[in-house]
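Worksheet for the structure shown next.
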Amino acid sequence: MARYVFITGGVVSSLGKGLAAAALGAVLQARGFRVRLRKLDPYINVDPGLMSPYQHGEVYVTDDGAETDLDLGHYERFTGVPTSRADNATTGRIYLDIITKERRGDYLGATVQVIPHVTDAIKEFILSDTGEADVVLIEIGGTVGDIEGLPFFEAIRQLGNELGPGRSCFIHLTLLPFISSAGELKTKPTQHSVKELRSIGIQPDILLCRSDRPIPADERRKIGLFCNVQPQRVIPALDAGNIYEVPAQYHAEGLDREVLSVLGLPDAAEPDLSRWHTIASTYGHPEGEVRIAVVGKYVEIQDAYKSLREALDHGGIANRVRVVPEWIPSEVFEAPDAVQRLEAVHGILVPGGFGERGAEGKVAAAGFARERKVPFFGICFGMQMAVIEVARHLAGLEGAGSTEFGPAVDPVVGLLTEWMGREGREKRKAGGDLGGTMRLGAYEAILKSGSRIAQIYARKRISERHRHRYEVNMAYRERLERAGLIFAGVSPDGLLPETVEIPDHPWFIGVQFHPELKSKPFDPHPLFAIFIEAAVAQSRLV
Ligand code: GLN
């Protein structure tokens, strides 16, 4: 019988609830429990697929093709448990299902209301498809007191009651700000936040208090007294040196012990956190440094490339070096000679992206990497731009372009309208709804034996996650291969290109999928590990 841990936030947003949930999941897992992590997002969008990366950060894609919140990326990276469509729901999703049922007449004429219909749907989401999990951790997005979050808080309140003692645990994450004029950490915002939570019927079992300095014992007692929480359950969450220290830090502060005591599991084995100690110390004490230019579009917003940023770090961990990304908006390379700026870097990465703005800058960056033999890694849009570059400059297709930007003389990248999906043939309407036209989720690829990429994966058949509408056009394959760009990975039916590479180059690889989504600190993705290895070799040359 699964137990449930609810994680809510108070005082301010951006306290890192996702990371807190993920790190707690990792510690429970290290104690031998099977965990599952889920996120409930109170906004009205049906999923984050159409939300701007500027507002919402990256869209994290699961194997089963759901476009989800980036916190699911933290969950996977910390626990290794693959997330799915069943692990992220928004207000929009819940209402869409309810309204669809209402239109079908499923409610038999009943008045459809927030309580019980919306709260029931939320509870059903929380309880369904939990598989083998011993502990399910559920993070509620937003902050207590937000109007749109109310049905979620009401649903978990009801659920706590229905599950009964020992089957649920409520953790509230708050902030203790330090006020320098008073020289004190202030507990009042936490008191108010808990008051708000209690006014809707939720008494937190545990308070996880973010703070930039140690919390004196007196203050912990005071918070416990005012918030009706046992003092040993007022847990400090101090700023960590790096995120990989968080699981061990939580354990040292007793978070997992208290969670398990609330859940009636006080005798669980001590956790084996050696994996986290090793990662945190390797990451914290690098033996060198490589600079990687990330030539993208949303470079000012680091959350827009969250998984990529972390996968680069994992590649660094694999090679015991610090990876310093230089985030460069691709448009700068549209000015003549601007690419010379790339002379100082040890690797060039062009990540995924959408739309014409800055595309020529990405083509130019790929061209620089190819000619100057700098390690190059093109991901999704980055691969498409690299193929266009090679088509124009090595294959003599001067008019090569992507139909994403309008008609092209040589549509080397074009819209694909039919392909073999997980459940048979799938079709995509050229003018369909924006939300429903992408190739999404895990697809397999077959790697050509002897190719660089097959060596990197040390396997012939791989599965990676996709999120794109356009494909490199196989009609140009022969000409591009003659020019030196090999289609080393293709879909099992041979119709879709999945990876390209230039054998006559130290490291030039493009992939149509997003390998960064599956990289983990304890299991760095081989493409990132070997790309950073190539950058280390490059750093010895420049
Ligand atoms: N815009 C491109 C496409 O839709 C690439 C998408 C991406 O990089 N995720 O095919």
Round to a whole angstrom and tell me the spacing of the C-alpha centers of the stretch 149-200 and the stretch 276-310.
32 Å
Which values, in whole Å and largest first, are the semi-axes of the equivalent ellipsoid of the stretch 62-114 obtained as the square root of 5 times each eigenvalue of the Cα gyration tensor?
32, 10, 8
Would you work out which of Leu485, Pro336, Leu416 lies farthest towards the positive end of the dipole of the chain, given +1 charges on the beta-carbon of Lys and Arg and -1 on that of Asp and Glu, about the Cα centre?
Leu485
So the angle from the long Cα axis of helix 150-163 to the longest Cα principal axis of the chain, reported in degrees to the nearest 10, equals 60 degrees
Give me the aspartates and glutamates in straight-line cross-link reach of Lys101: C-alpha distance below 20 Å, same-chain residues under 8 apart excluded.
Asp47, Asp120, Glu124
Kirkwood Rh for the stretch 210-323 from C-alpha pairs, in Å, is 17.0 Å
Once phi is turned into ³J(HN,Hα) by the Karplus curve 6.51 cos²θ - 1.76 cosθ + 1.60 with θ = phi - 60°, what whole-Hz value does each residue of the stretch 536-541 show in order, with x for glycine and proline?
4, 4, 4, 5, 7, 8
Cut-off under 5 Å, modelled amide H: who pairs with Arg3 long-range:
Val135, Val136
Give the span of the stretch 474-542's Cα atoms along each principal axis, as three whole-Å numbers ordered largest to smallest.
37, 30, 12
Dmax and Rg, reported as Rg then Dmax, of the stretch 161-265 (C-alpha, Å):
14.0, 47
Calculated from DSSP helices alone, with each H run of at least 4 adding -39500 (n - 2.57) and the total divided by the residues of the chain, [θ]222 nm to the nearest 500 comes to -10000 deg cm²/dmol
Determine how many Å³ per residue the convex hull of the Cα atoms of the stretch 270-353 encloses.
99 Å³
At R0 = 22 Å, FRET efficiency that the Cβ-Cβ distance of Glu289 and Glu371 yields, to 0.05:
0.30
Using all alpha carbons of the stretch 72-165, what is the percent of pairwise distances in each 10 Å bin, ordered from the shortest bin to the longest?
13, 43, 34, 10, 1
With N denoting the number of residues in the stretch 1-156, provide Rg(C-alpha) divided by 2.2 N^0.38 Å, to two decimal places.
1.04
Given 25 °C, 0.890 mPa s and a Kirkwood radius over Cα pairs, the Stokes-Einstein diffusion coefficient of the stretch 330-404 in µm²/s is 201 µm²/s
For the chain, what relative contact order do you get, as a whole percent, if you take Cα pairs closer than 8 Å and at least 6 residues apart?
15 percent
So what's the chain giving for Rg/Rh, alpha carbon basis, Kirkwood Rh from the mean inverse pair distance?
1.00
Bins of 5 Å from zero: percent of alpha-carbon pairs in the stretch 25-94:
3, 18, 27, 23, 14, 9, 4, 1
Tilt of helix 91-104 relative to the longest C-alpha principal axis of the chain, in degrees (0 to 90, nearest 10)?
90 degrees
Give me a comma-separated list of calculated 3J(HN,Hα) values for the stretch 26-34, in order, Karplus coefficients 6.51, -1.76, 1.60 applied at θ = phi - 60°, integers in Hz, x for any Gly or Pro.
5, 5, 5, 5, 5, 8, x, 7, 8
Residue by residue through the stretch 442-453, the couplings from Karplus 6.51 cos²θ - 1.76 cosθ + 1.60 with θ = phi - 60°, in Hz, x for Gly and Pro, are 6, 9, 8, 9, 10, 9, 5, 5, x, 6, 4, 5
Using just the alpha carbons, could you tell me how many Å³ per residue the convex hull of the stretch 299-343 encloses?
75 Å³
Can you give me the long-range amide H partners of Ala66? Hydrogens built in the peptide plane at 1.01 Å from N, cutoff under 5 Å, separation of 5 or more residues or another chain.
Arg85
Residues meeting the amide H criterion for Phe513 (H placed from the backbone, H to H distance under 5 Å, 5 or more places apart or on another chain) are Cys380
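Laboratory data are not the source of any read-out in this text; all were calculated from the coordinates shown. From a predicted model like this one, the values you see are computed outputs, not experimental measurements. All Cβ positions, even for glycine, are placed from backbone atoms using ideal geometry, and neighbour counts span all protein chains on display.
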